[in-house]
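Bear in mind that the values in this text are calculations on the coordinates, not laboratory data. Keep in mind that this is a model prediction, so the values were computed, not measured. Cβ: placed from backbone, ideal geometry, glycine included. Neighbour counts: every protein chain shown.
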Amino acid sequence: MEDIVILSGTNLGEKTENLSLALRLMIANLGDVVRTSPVYQSTASGFEAPDFLNQLLVFRIDKKWNPYMLLSLLQEIERKMGRKEKTVNKQYHSRIIDLDILYYGEWQLISPTLCIPHPQTMERPFVGQMLAEIMPDFIPPGQTHSIRYLVENRLLNRTETGGEIVRKIQ
């Protein structure tokens, strides 16, 4: 079994319902979620847009899955929910749902279509806060310190490109 961490985010439409529907669709395919973070409202990161609602989800999945199969499933869920292109002219834009694989067990992977750990995990303040709440002792692949240590010592959120926490929703 592998623990995978998925970031679910939305800044269009009925945001709370978007997060709930994405979670239900993931559970239908991956099985039960083992941990969820509170929902956080955050500013857009890298572009001007309405605030996002974000939630971290941890699933424990069978090793029959691989990261590319998981990516394909998440992209299919995004399409079913009405997600369009990830970028327009290489610029980010608002989205009904965004599902990112942050961690996939101990995997470290860099390819043209998928990077694990997600390359922006270390840059998003709201992600560090959510990880610290639900997985404080987790040591990310490629790191030597726990999430708690990285957040407390301000080593996790190394850039200020947006993604600031507006408020904790639940």
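Roughly how many nanometres apart are two label points built 7 Å out from the Cα toward the Cβ at Glu76 and Phe47?
The modelled label-to-label distance comes out at 2.6 nm.
Taking 1 over the mean of 1/r across every pair of different Cα atoms in region 40-125, what Kirkwood radius in Å do you get? Provide the component values of the computation, followed by the final result.
On the way: mean 1/r = 0.0695 Å⁻¹.
One over the average 1/r among Cα pairs gives 14.4 Å for region 40-125.
Please state, to two decimals, what the Cα-based radius of gyration of the chain comes to when divided by 2.2 N^0.38 Å (N = residues).
Normalised Rg, Cα atoms only: 0.97.
Kindly list the residues of region 1-29 that lie in the label zone of Lys64, defined by a backbone N under 16 Å from the point 7 Å along the Cα-to-C-beta vector.
Output list for this probe position: 1-2, 28-29.
If you average the alpha carbon positions of region 94-133 and of region 1-48, how far apart do those two centres end up, in angstrom?
Rounded to whole Å, the Cα centres lie 12 Å apart.
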